[in-house]
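The values are calculated or read from the model by the stated rules, or taken from the named source; none is laboratory data. Predicted model only: the values in this text are computed from it and were never measured. Methodologically, a virtual Cβ is constructed for each residue, glycine included, from the backbone with ideal geometry; neighbour enumeration extends over all protein chains shown. In case anyone asks, the SASA skips ligands and DNA or RNA and just uses the protein heavy atoms, side chains included. Shrake-Rupley method; radii C 1.70, N 1.55, O 1.52, S 1.80 Å.
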Amino acid sequence: MASPKKKLQGLVAATITPMTEHGEINFSVIGQYVDYLVEEQGVKNIFVNGTTGEGLSLSISERRRVAEEWVTKGRNKLDQIVIHVGALSLKESQELAQHAAEIGADGIAVIAPFFLKPWNKDVLINFLKEVAAAAPALPFYYYHIPALTGVKIRAEEVLGGIQEKIPTFQGLKFSDTDLLDFGQCVDQNRQRQFAFLFGVDEQLLSALVMGATGAVGSFVFRDSSTLWSN
């Protein structure tokens, strides 16, 4: 089973992908971005190539290069770098997962495929399982964002028995406004020590009350020490 250096918790920056005025990725500023997060914001965990980073609007080669740059520039500065590797193509998602492992990322996350959508939890979990298997040494996170994927399978349903099928499963990035679903995810899995990362900035305080162990977003907190005391 994959075992992260420590549990992913607290604030996790959903990084943007910097672009030049000509629409090319501006790799030269990522090192400055790392320093800003660490020195100015006190944030040492990041989520790369997700929704904020427009990962699904980038080519596979661009996603690989962005991931490489964040891992390289974040070495010895950031605690955990999670790379989103979700894609419509299973093979592309597996390729990105394997690449994340090769470059030294600390975890991978995957959204549900959203063109030919999974019609039940078993189909979805089978897709996730195949991606996770491509990087068996990395912690795996399910990225639940139904407003964008259109996949309405409740996260609570997906989590039921998931670790038996995906041994590397470590937690959930929950980007939805359905707090009942989120609360049931937490309540039904308290003994499993999963990371419950909330992704809707406007509802974070409510999610914290319900048991969120972290947040992935693009908001700014100067001092997050009072949000997570454990």
### Message
Among the residues of segment 122-138, are any crowded, with 22+ Cβ neighbours inside 10 Å, of a type in the set (A, V, I, L, M, F, W, C), touching a residue at least 40 places away in the same chain (Cβ under 8 Å) and more than 28 Å from Ile16 (Cβ to Cβ)?
### Response
yes
### Query
Pairs, please: C-beta under 9 Å, at least 6 apart or cross-chain, first residue closer than 17 Å to Ile111 by Cα and in segment 52-67, second open to solvent by 70 Å² or more (accessible area, probe 1.4 Å) and polar (S, T, N, Q)?
Thr52/Ser218
#### Entry: Number of the exception - Lys173 against (1) touching a residue at least 24 places away in the same chain (Cβ under 8 Å); (2) open to solvent by 60 Å² or more (accessible area, probe 1.4 Å); (3) basic (Lys, Arg)
(2)
### Query
Restricting segment 190-209 to residues that are over 21 Å from Gly160 (Cβ atoms) and among the charged types (D, E, K, R), which is surrounded by the fewest Cβ atoms within 10 Å (Cβ to Cβ)?
Glu202
### In segment 21-57, residue farthest from Leu96 (Cα to Cα) [restricted to those that are surrounded by 15 or more Cβ atoms within 10 Å (Cβ to Cβ) and among the polar types (S, T, N, Q)]
Gln41
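Give me the residue from segment 68-84 that is farther than 15 Å from Ala14 by Cβ and either among the hydroxyl-bearing types (Ser, Thr, Tyr) or in contact (Cβ under 8 Å) with a residue 40 or more places away in the chain (or both) and, out of that set, surrounded by the most Cβ atoms within 10 Å (Cβ to Cβ).
Taking segment 68-84 and keeping what is farther than 15 Å from Ala14 by Cβ, we get 68-69, 71-73, 75-77, 79.
If we keep only those that are either among the hydroxyl-bearing types (Ser, Thr, Tyr) or in contact (Cβ under 8 Å) with a residue 40 or more places away in the chain (or both) too, we end up with 69, 72-73, 77, 79.
Values: Glu69: 22, Thr72: 14, Lys73: 18, Lys77: 13, Asp79: 17.
Here the residue is Glu69.
For Gln191, are the conditions met, namely being in a helix (DSSP H, G or I) and touching a residue at least 24 places away in the same chain (Cβ under 8 Å)? Quick ask: steps written out before the conclusion?
Numbers: in a helix (DSSP H, G or I): yes; touching a residue at least 24 places away in the same chain (Cβ under 8 Å): no.
Taking the combined requirement at face value, the residue does not satisfy it.
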